[in-house]
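Trainee: Let me give you the structure first, and then I'll get to my questions.
The values are calculated or read from the model by the stated rules, or taken from the named source; none is laboratory data. In this text, all values refer to a predicted model and were calculated from it rather than measured experimentally. Methodologically, a virtual Cβ is constructed for each residue, glycine included, from the backbone with ideal geometry; neighbour enumeration extends over all protein chains shown.
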Amino acid sequence: MPRHILVADDDKAMLNIYTRIFSNTDYSISLASSFAEAAGLINLNNYDLLITDLMLQDGLGTDLIKMFKKKRGGARSLLVTGSVAELAPEQLPEMYLEKPFRLEVFMAAVSKALVA
């Protein structure tokens, strides 16, 4: 049974990259191009993992992570950001990557999040 991943990013190029990354994997992905769209998908569906950008046009990825964890206690998330310097240390989620990321590092983080 494939693991379901929600990817939230307001950059169409990044969404295309995620689509290519996951195209030949056993993961099933849903894409959201805004905070509102991602929030709606979180409320309607069950996902095993949330991958989100920090800065979305209509909200923060950290708030999406909180919403996701509230709905699915113990659910894992991966924050992807251009700069962790934008966040105070206490705001950083357990798992995050800085852009640009290497594919191997990204896939290792996804695997780790889904196993944990």
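Trainee: Can you give me the number of residues within the range 101-110 that are of a type outside the set (A, V, I, L, M) and farther than 13 Å from residue 18 by Cα?
Mentor: Qualifying residue count, the range 101-110: 1.
Trainee: Do the conditions hold for residue 38, that is, is it in contact with a strand residue (DSSP E or B) (Cβ under 6 Å, 6 or more places away or on another chain) and modelled with pLDDT of 95 or more?
Mentor: yes
Trainee: Need the failing condition index for residue 57 against (1) within 17 Å of residue 79 (Cβ to Cβ); (2) surrounded by 14 or more Cβ atoms within 10 Å (Cβ to Cβ), just the number.
Mentor: (2)
Trainee: Further, regarding this structure: Would you check if there is a residue in the range 31-45 being closer than 18 Å to residue 97 by Cβ, of a type outside the set (A, V, I, L, M, F, W, C) and surrounded by 14 or more Cβ atoms within 10 Å (Cβ to Cβ)?
Mentor: no
Trainee: Another question about this same structure. Is it the case, given these coordinates, that residue 97 is under 23 Å from residue 20 (Cα atoms), in a strand (DSSP E or B), at pLDDT 90 or above and not polar (S, T, N, Q)?
Mentor: No; evaluated as a whole, the condition is false for this residue.
Trainee: Answer with yes or no whether residue 62 is among the β-branched types (Val, Ile, Thr) and assigned to a strand (DSSP E or B).
Mentor: no
Trainee: Taking the range 2-48 as the region of interest, how many residues are in a strand (DSSP E or B), touching a residue at least 40 places away in the same chain (Cβ under 8 Å) and more than 22 Å from residue 58 (Cα to Cα)?
Mentor: 1
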